1. In what sequence do TYR141, TYR271 fall when counting other Cβ within 10 Å, fewest first?
2. Specify the inter-centroid distance of the stretch 282-344 and the stretch 51-71, based on alpha-carbon positions, in whole Å.
3. Kindly identify the stretch 236-366 as rounded, prolate or oblate by the Cα gyration tensor criterion: order the square roots of the eigenvalues as a ≥ b ≥ c, call it rounded if a/c is under 1.5, otherwise compare a/b with b/c, prolate if a/b is larger, else oblate.
4. Identify the residues of the stretch 217-238 with backbone N under 13 Å of a label point that sits 7 angstrom from the Cα of LEU23 along the Cα-to-Cβ direction, or state none.
5. Provide the gained length on full extension for the span ALA308 to ASN190, in nm with one decimal, where the gain is 0.36 nm per separating residue minus the Cα-Cα distance.
6. Amide H of THR94 versus every other amide H placed in the peptide plane: which residues, excluding those fewer than 5 positions away on the same chain, fall under 5 Å?
7. Test of understanding: extend the Cα→C-beta vector of SER248 to 7 Å, then name every residue of the stretch 257-280 with backbone N under 16 Å from that spot.
8. Given the peptides 173-179, 95-101, 43-49, arrange them by the average over their residues of other C-beta atoms within 10 Å, most packed first.
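Throughout, read-outs are computed from the coordinates displayed, never taken from laboratory work. The model shown is predicted, which means the values in this text are computed figures rather than measured ones. Positions of Cβ are generated from backbone atoms using ideal geometry, with glycine treated the same way; all protein chains shown enter the neighbour counts.
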Amino acid sequence: MSFPEINKDDIKSVEEVIRSGRLALGPKNEEFETETAAYIGVNHAIAVSSGTAALHLITKSLGINRNDQVLVPSFTFAASVNAIIFEGAQPVFTDIETDTYNIDPEDAEKKITDKTKAIMVVDVFGHPAEWDAIGRIADRYNLKVIDDSCEAIGAVYKGKKLGRFGDAAAFAFYPNKQMTTGEGGMIVTNNDTVARMCRSLRNQGREEMGSWLEHDYLGYNYRLDEMSAALGVSQLKRLDAMLEKRDSVARMYTEKLNVFDWVTPPVVKPYVRMSWFVYVVTLAEGLDRDEMIRVMETEGIPARGYFAPIHTQKYIRNLLGDLQGTLPVTETIAKRTLALPFHNNMTGEEVELVVDVLRQAVMKFA
Ligand SMILES: *Cc1c(COP(=O)(O)O)cnc(C)c1O
């Protein structure tokens, strides 16, 4: 489906750390943080053990708690919602826009109550959310803004890199992301207080200058190890080159798919730079997406539905009751989306094969 791109420099960088004997709490974390902060253009970057950990620590550092509601799209990965639930706050699910599938600012505004403390924005599939509209709403209602940019490192909205919007943003480095550290994540922010809290909370609630057995807060072990950080430093150097490659694979797909009326390629707004995480198309209404997936799989092409809305998941039903029917756009779109095989080094022939197998699957049912 998707493969990380590991080269000799990556291997050398990790090997050096292993040979050095310094495997945790070391200079590679600092280097990874400094380089990431410079790449994004923010004051602080805090490396953590996953994107989920990043979202959790941001949520906690912003003081979100059991008295609060947080607006969040359901069309996302579970971690965006879970970070809110971990802190006892209530996720309030928000519908999505019909083109980019990002959070719909108008629907978000309608769902604001006097308990709404924050909005969790997700840059879905690597396409920036509508940050101008979100910023206006956040100002008007005095909301905290968390950017789940775990699918969008390197993306740009109107000339400004993601990671610089909202109070803080999270990136993720699982092997299916645009760059990887194995497991890993990063918090970026210009807020000094949030940065300090996140640094402490990832390290068992220790203060920067405190001793090993002194804990000022209820913290976690969300640290990133040095091997992962070394891989991150090496990968970050190639991030823009890797994003370019992904962009040309996406362009090949879109060019080939544009000629068919039974599929809509991903929408890319003219004022953004996409950071392609996955390549997700939308099938025409009436086509049985799951049947297409089965047919493609028999031809050796892995494809899958993406995302499965969070408000209809079993654990949310157990927690918040039956929410089926409350998010019309999310529910119709999620039945029709299809993630096609996508990685940095896909060739034109491979793209052509996928499109051909998809076309044959669709024709079977036409
Ligand atoms: C990948 C991802 C995360 C974080 O995932 P981890 O596996 O914890 O690194 C969070 N939100 C979204 C939208 C993601 O795609």
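1. Values: TYR141 16, TYR271 11.
Ordered from fewest to most neighbouring Cβ atoms within 10 Å, TYR141, TYR271 come out as TYR271, TYR141.
2. 27 Å
3. Details: a/c = 1.93, a/b = 1.29, b/c = 1.50.
Judged from the Cα gyration tensor, the stretch 236-366 comes out oblate (a/c at least 1.5, b/c at or above a/b).
4. 225-228
5. Details: separation 118, 0.36 × 118 = 42.48 nm, distance 3.29 nm.
Stretched fully, the ALA308-ASN190 segment lengthens by 39.2 nm.
6. Answer set, sorted by chain and number: VAL72, SER74.
7. It comes to 276, nothing else.
8. Working: 173-179: 21.6, 95-101: 19.9, 43-49: 23.6.
Highest mean packing first, the order is 43-49, 173-179, 95-101.
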